[in-house]
1. Considering every residue within segment 244-254, establish whether at least one is under 12 Å from Ser29 (Cβ atoms), assigned to a loop (DSSP other than H, G, I, E, B) and open to solvent by less than 60 Å² (accessible area, probe 1.4 Å).
2. Considering only segment 30-52, state which residues are in a helix (DSSP H, G or I) and farther than 19 Å from Gly287 by Cα.
3. Could you look through segment 1-31, keep only residues that are in contact with a Ser or Thr (Cβ under 6 Å, 6 or more places away or on another chain) and open to solvent by less than 10 Å² (accessible area, probe 1.4 Å), and pick out the one that is modelled with the lowest pLDDT?
4. Kindly indicate the residue of segment 32-58 that is at pLDDT below 85 and not hydrophobic (A, V, I, L, M, F, W, C) and also farthest from the chain's Cα centre (by Cα) among those meeting that condition.
5. Select from segment 211-243 the residues that are under 14 Å from Ile127 (Cα atoms) and part of a helix (DSSP H, G or I) and write down the one among them that is nearest to the chain's Cα centre (by Cα).
6. Condition test on Ile190, is it free of Cβ contacts under 8 Å to residues at least 24 places away in the same chain, open to solvent by less than 40 Å² (accessible area, probe 1.4 Å) and not charged (D, E, K, R)?
7. Which numbered condition trips up Ala140, out of (1) modelled with pLDDT under 85; (2) surrounded by 12 or more Cβ atoms within 10 Å (Cβ to Cβ)?
8. Can you name every residue in segment 68-127 that is open to solvent by less than 90 Å² (accessible area, probe 1.4 Å), under 22 Å from the mean Cα position of the chain (by Cα) and polar (S, T, N, Q)?
Amino acid sequence: MFRFDDAMDFLISQLLNSLVFGMLLFMMSAGLSLIFGLMNVVNLAHGSFFMIGSFTAFSLAQWSGNFWIALAAGWVPAAAAAVLMERVFIRPMYSRSHLDQVLLTFGFIFVFGDICKYLWGPDIRNIAPPEALQGAIMVAGAVLPKYRLFLVAFGVALAVLLWFFLERSRVGAMIRAGVDDAATAAGIGINVPFLFGCIFALGAALAAIGGIVAGPVMGTYLGMDIEILIPAFIVTVVGGMGSLKGALVASLLVGAIDTFGKAYFPDYALFLIYLLMVVVLLMRPHGLFGMVKG
């Protein structure tokens, strides 16, 4: 027998799940969009930073017994690896074709995967959420996990901080200047290669933070890098390369389509996501908020 209250509880729960997945996609795709759109670099190994952050957070949480310490420091190894990767391997590829970048970064997927397997083994790990965020609360009659509500609030706060940094800070203005006209920016004293290296490290840190907060929800395991990379690339294409607003809007769209698609149309959930991408590209080839260069 159909019950309206049960249907509303299910709908609210699925809405929260879609927001959670959307925010995880945003943390992953925001850095990917910045690197792809601003630096014109295709980094297939971006999902590896997501995985490294999650595994590092697991170790820090086990060592300290404190989730907040893991969140505060778990992104550092991924950012450090990104700095080394950009300086040694990516920087010589700026003037090369996208195919060369794809082949190089594709190889790093296996390198980072083997490193994680060597350090942590093949088993699935779980990061416990902080005690204050365990359990659930009642919202409009629906039982909603506290940690998932925290994830949504955390993602919104991170989006606001990123917008302020890129649009209102002096460093953000320097980054935009370096992207628009690198020669002129260098002529007025801006260290463009250093700024691009910072963008690459920032993108890796965002992905790692996404992996950290995803740990209590998704678990930590080998292969999570590829699992999150594919929808993150779809988000980047749909939202538009280089657009933070586009990454946020597209993440929420893909999160909703994926969650509700699996709930109501499980056989067609993946098809619906690709259909969204096709429709957007047909109507707006540069994405919803993509920057048109040239």
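1. No; the residues of segment 244-254 include none that is under 12 Å from Ser29 (Cβ atoms), assigned to a loop (DSSP other than H, G, I, E, B) and open to solvent by less than 60 Å² (accessible area, probe 1.4 Å).
2. Passing the criteria: His46, Gly47, Ser48, Phe49, Phe50, Met51, Ile52.
3. Going through the qualifying residues, I end up with Ser29.
4. Top of the filtered list is Asn40.
5. Here the answer is Gly211.
6. yes
7. Here Ala140 meets the rest and fails (2).
8. Gln101, Thr105
The values are calculated or read from the model by the stated rules, or taken from the named source; none is laboratory data. Source: prediction; values computed, not measured. Cβ coordinates were reconstructed from backbone atoms using ideal geometry, including for glycine residues, and neighbour counts include every protein chain displayed. Ligands, DNA and RNA are excluded from the accessible area calculation, which covers all protein heavy atoms including side chains. Shrake-Rupley method; radii C 1.70, N 1.55, O 1.52, S 1.80 Å.
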